[in-house]
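So the structure is just underneath, and the comments pick up after that.
The values are calculated or read from the model by the stated rules, or taken from the named source; none is laboratory data. These numbers were taken from a predicted model, which means no experiment stands behind them. Cβ atoms come from the backbone with ideal geometry, glycine included; neighbour counts cover every protein chain shown. Just the protein is used for accessible areas: all its heavy atoms, side chains included, with ligands, DNA and RNA removed. Shrake-Rupley method; radii C 1.70, N 1.55, O 1.52, S 1.80 Å.
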Amino acid sequence: MASYVRQKPPSWFVAIAILLILWGLAGCASFYFHVAYGADMDPKATDWDRAFFAALPGWLNIVFAVAVGAGLLGSIALLMRSKQATLLYILSLIAVIVQFGYLFVGTDLIAHKGVATAVPFPVVIAAIAVFQIWFAKRAERRGWIS
């Protein structure tokens, strides 16, 4: 039977985990405003924006909640040095892909807003989700989380 020794992570590990928690809290705030205010949270919302928001299926809110909730819980698990962080981050990335996949393929968002407006921030969100998975796996390999 192999023994496993949990290693002490470097100090920057905690800093990154805290930054990822703040990112998760920002995502949760975004979800709250999305649900509570809808298109009206943007003072520049047009009639098209309001109609677009009203036409979104209810299940998309659930996917959004899973994306931000799993990401935040993954970051908390990372700070607590639990390898559950990796699974939560993977769940978050899957939800992000479903969410934006539907918005880009199942709606006319890109046709109306254009690629330059609609795509960059979702790409950043997905890139951070991929980074979270990579970082959690690296921490697991180094024995920082178990």
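Give me the percent of the accessible area of region 97-140 that comes from carbon and sulfur atoms, probe 1.4 Å, all protein chains in place.
Numbers: 1790 of 2430 Å².
C and S atoms contribute 74 percent here.
At 1.4 Å probe size, put Ser11, Ser82, Ser146, Ser75 in order of accessible surface, largest to smallest. Kindly include the intermediate steps, with their values, before the conclusion.
Details: Ser11 100, Ser82 35, Ser146 55, Ser75 0 Å².
Highest to lowest solvent-accessible surface, that is Ser11, Ser146, Ser82, Ser75.
Take Arg81: with every protein chain present and a 1.4 Å probe, its accessible area is about 50 Å². Look at the alpha carbon pairs under 8 Å that are at least 6 residues apart: their mean separation over the length of the chain gives a relative contact order of 30 percent. Label-to-label distance for Val98 and Phe31 is 1.2 nm, based on points extended 7 Å past Cα in the beta-carbon direction. Solvent-accessible area per residue in the chain equals 59 Å², computed with a 1.4 angstrom probe and all protein chains kept. Hydrophobic long helices, here whole DSSP H runs in the chain with Kyte-Doolittle means of at least -0.5 and Cα atoms spread over 15 Å or more along the helix axis, are found at 11-37, 58-79, 84-105, 120-141. When Asp47, Asp42 are compared by accessible surface with a 1.4 Å probe, the order from highest to lowest is Asp47, Asp42. Of the accessible area of region 1-71, computed with a 1.4 Å probe over protein heavy atoms only, carbon and sulfur atoms account for 69 percent.
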